[in-house]
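Structure first, then comments.
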Amino acid sequence: MRIAIVTDAWQPQVNGVVTTLTKTGESLEAMGHEVRFVTPASFRTVPCPTYPEIQLSLWPRRRLTRLLDEFRPEAVHIATEGPLGLAARRYCQRRALAFTTSYHTQFPQYLHMRLPIPVAWCYAYLRWFHGAAARTLVPTDHQREELVKWGFRNLVIWSRGVDTDLFRPRERADEAGERPILMYMGRVAVEKNIEAFLSLDLPGTKHVVGDGPDLPALQARHPEVRFTGFRFGEELARSLAGADVFVFPSRTDTLGLVMLEAMACGVPIAAYPVTGPLDVVVDGVTGALDEDLGRAVQRALTLDGAACREHALKYSWRRCSEQFHSHLAANPRSFRQAVTAGHPR
């Protein structure tokens with residue numbers, strides 16, 4: 001099958017959305033499908049206000065139309081709700097092509113933290129955007145339940161995977177600092193609630209692996225914390241495996257892929273009992289969920305890393321990609337028929 005995936009989030013961004021799409025594309029191709037990504041790399045872009053790592057494509061309609069016409073996809077998946085997502089949505093609707101979408105990010109909450117925009121307004125836009133899709137793919141049951149409350153429909157589960165060859169238990173001698181090593185890994189931004197972790201009065205050493213707009217302010221307020229910046233590949237996996245507890249302070253993530261990566265390394269999770277942690281962490285086995293994050297850390301330190309690893313082995317990118325493929329809306333007519341059946345470009 002020829003599968004087009006349209007996304008406003010793409011490399012060089014480092015986040016769970018990009019990782020999920022990249023790994024899914026690789027797995028689909030290994031399964032024999034032809035995958036074409038339509039990303040900001042093919043368009044003129046400007047940085048997104050308040051979120052400059054995201055590049056917004058300028059006037060993408062004509063070029064996106066040309067790219068999709070040339071590829072002739074049998075299924076179209078729209079991964080994000082930005083300019084490229086809007087252009088792809090319009091493209092499919094004008095040709096009467098069924099398409100799917102996915103809900104990766106809690107933009108209503110993220111935007112509300114930065115600008116005085118009511119959460120309900122953002123959900124109204126997202127409900128309109130995804131309402132035209134044959135199906136909207138969401139990562140967890142808790143996320144589906146939350147969106148149903150906001151009036152979303154046609155929601156199906158598309159879980160996540162983890163590279164258990166790269167992320168695996170290793171010797172814990174690499175990370176500097178007094179034990180226990182308490183680690184956060186990911187984007188350093190207001191929506192990640194990292195201050196809730198760094199302000200805890202706990203023994204040991206706190207590590208923050210990642211970068212983002214809040215990094216300078218957090219470095220200034222917490223000189224005792226070891227900030228490493230971004231790490232990748234083997235270096236990243238070694239750092240993660242060197243932690244004693246992975247602390248996930250976010251209350252707004254749809255899942256939190258980094259938790260699966262930590263568990264694959266044999267590192268238990270400390271988090272709040274909210275969407276994301278509730279779906280991937282087994283409280284008291286692979287992590288500790290508590291409204292008191294400090295208490296969660298203390299409980300997580302007592303858990304068995306082998307149980308974390310065993311749990312993470314249940315998540316594979318192959319299984320994730322098979323699930324993705326099963327939800328696609330394959331169009332019954334050929335692409336050429338759809339283009340020439342009176343639906344204008």
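The values are calculated or read from the model by the stated rules, or taken from the named source; none is laboratory data. Nothing here was measured: the structure is a model prediction, and the numbers come from that model. Because the Cβ atoms are built from the backbone with ideal geometry, glycine has one as well, and the counts that use them run over all protein chains shown. Heavy atoms of the whole protein, side chains included, go into the accessibility calculation; ligands, DNA and RNA do not. Shrake-Rupley method; radii C 1.70, N 1.55, O 1.52, S 1.80 Å.
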Of (1) open to solvent by 20 Å² or more (accessible area, probe 1.4 Å); (2) outside any loop (DSSP other than H, G, I, E, B), Phe246 fails just (1)
Region 267-280, residues that are in a loop (DSSP other than H, G, I, E, B) and open to solvent by 10 Å² or more (accessible area, probe 1.4 Å) | Tyr272, Pro273, Val274, Thr275
Which listed residue, of Arg135, Arg144, is closer than 21 Å to Leu97 by Cβ and charged (D, E, K, R) = Arg135
Would you please name the residue that is nearest to the chain's Cα centre (by Cα), looking only at residues in region 204-228 that are more than 16 Å from Val247 (Cβ to Cβ) and surrounded by fewer than 16 Cβ atoms within 10 Å (Cβ to Cβ)?
-> Pro213
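Out of the residues in region 55-67 that are open to solvent by less than 20 Å² (accessible area, probe 1.4 Å) and closer than 22 Å to Tyr103 by Cα, which is nearest to the chain's Cα centre (by Cα)?
Within region 55-67, the first condition is being open to solvent by less than 20 Å² (accessible area, probe 1.4 Å), and the residues that meet it are 57, 60, 64-65.
So of that shortlist, the ones also closer than 22 Å to Tyr103 by Cα come out as 57, 60, 64.
Details: Ser57: 20, Pro60: 24, Leu64: 24 Å.
Among those that are open to solvent by less than 20 Å² (accessible area, probe 1.4 Å) and closer than 22 Å to Tyr103 by Cα, it is Ser57.
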Can you tell which of Arg170, Arg179, Arg153, Arg160 is in contact with a Pro (Cβ under 8 Å, 6 or more places away or on another chain), assigned to a loop (DSSP other than H, G, I, E, B) and either surrounded by fewer than 18 Cβ atoms within 10 Å (Cβ to Cβ) or among the basic types (Lys, Arg) (or both)?
-> Arg160
Return a yes/no flag: does region 136-147 have any residue that is more than 20 Å from Glu191 (Cα to Cα), touching a Lys or Arg at 6+ places or on another chain (Cβ under 9 Å) and surrounded by 19 or more Cβ atoms within 10 Å (Cβ to Cβ).
-> yes
Say whether the condition of being of a type outside the set (Asp, Glu), touching a residue at least 40 places away in the same chain (Cβ under 8 Å), surrounded by fewer than 22 Cβ atoms within 10 Å (Cβ to Cβ) and within 23 Å of Leu202 (Cα to Cα) is met by at least one residue in region 251-261.
-> yes
Could you tell me which residue of region 18-34 is surrounded by the most Cβ atoms within 10 Å (Cβ to Cβ), considering only residues that are of a type in the set (A, V, I, L, M, F, W, C) and in contact with a helix residue (DSSP H, G or I) (Cβ under 9 Å, 6 or more places away or on another chain)?
-> Leu28
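Show me the strands (runs of 3 or more DSSP E) found entirely inside region 42-83 where at least 3 residues are in contact with a helix residue (DSSP H, G or I) (Cβ under 9 Å, 6 or more places away or on another chain) and either of a type in the set (Gly, Ala, Ser) or within 13 Å of Trp10 (Cα to Cα) (or both).
Numbers: elements: 45-48, 51-57, 75-78.
Because the criterion is at least 3 residues that are in contact with a helix residue (DSSP H, G or I) (Cβ under 9 Å, 6 or more places away or on another chain) and either of a type in the set (Gly, Ala, Ser) or within 13 Å of Trp10 (Cα to Cα) (or both), the strands (runs of 3 or more DSSP E) in region 42-83 that meet it are 51-57.
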Flagged pairs (Cβ under 8 angstrom, 6 or more apart or on separate chains; first in region 119-133, farther than 15 Å from Ala79 by Cα; second open to solvent by 40 Å² or more (accessible area, probe 1.4 Å)) are Val119/Gln109; Val119/His112; Cys122/Phe107; Cys122/Leu111; Cys122/His112; Tyr123/Trp150; Tyr123/Gly151
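Give me the residue from region 182-203 that is under 13 Å from Val247 (Cα atoms) and part of a loop (DSSP other than H, G, I, E, B) and, out of that set, most open to solvent (accessible area, probe 1.4 Å). Give the derivation first.
First, pick out the residues of region 182-203 that are under 13 Å from Val247 (Cα atoms): 182-186, 192-200, 202.
Those left that are additionally part of a loop (DSSP other than H, G, I, E, B): 186, 193, 199-200, 202.
Values: Gly186: 21, Asn193: 50, Ser199: 75, Leu200: 35, Leu202: 30 Å².
Among them, the one singled out is Ser199.
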Could you please tell me which pairs satisfy a Cβ distance under 6 Å, a separation of 6+ or placement on different chains, a first residue in region 284-310 that is at pLDDT 95 or above, and a second residue that is among the acidic types (Asp, Glu)?
-> Leu289/Asp283; Ala296/Asp290
Select from region 1-37 the residues that are closer than 16 Å to Gly82 by Cα and among the polar types (S, T, N, Q) and list them in ascending order.
-> Thr7, Gln11, Gln13
Here is a list of conditions, (1) under 25 Å from Arg95 (Cα atoms); (2) under 22 Å from the mean Cα position of the chain (by Cα), and Thr24 meets all of them except one; can you say which number that is?
-> (1)
Within region 93-116, of all residues that are at pLDDT 90 or above and more than 14 Å from Arg135 (Cα to Cα), the one surrounded by the most Cβ atoms within 10 Å (Cβ to Cβ) is Arg95
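For region 281-302, give me each residue that is in a strand (DSSP E or B) and closer than 14 Å to Val267 by Cα. Explain how you work it out, then say what you get.
As a first pass, look at region 281-302 and keep what is in a strand (DSSP E or B): 283, 287-289.
Residues satisfying the conditions are Asp283, Gly287, Ala288.
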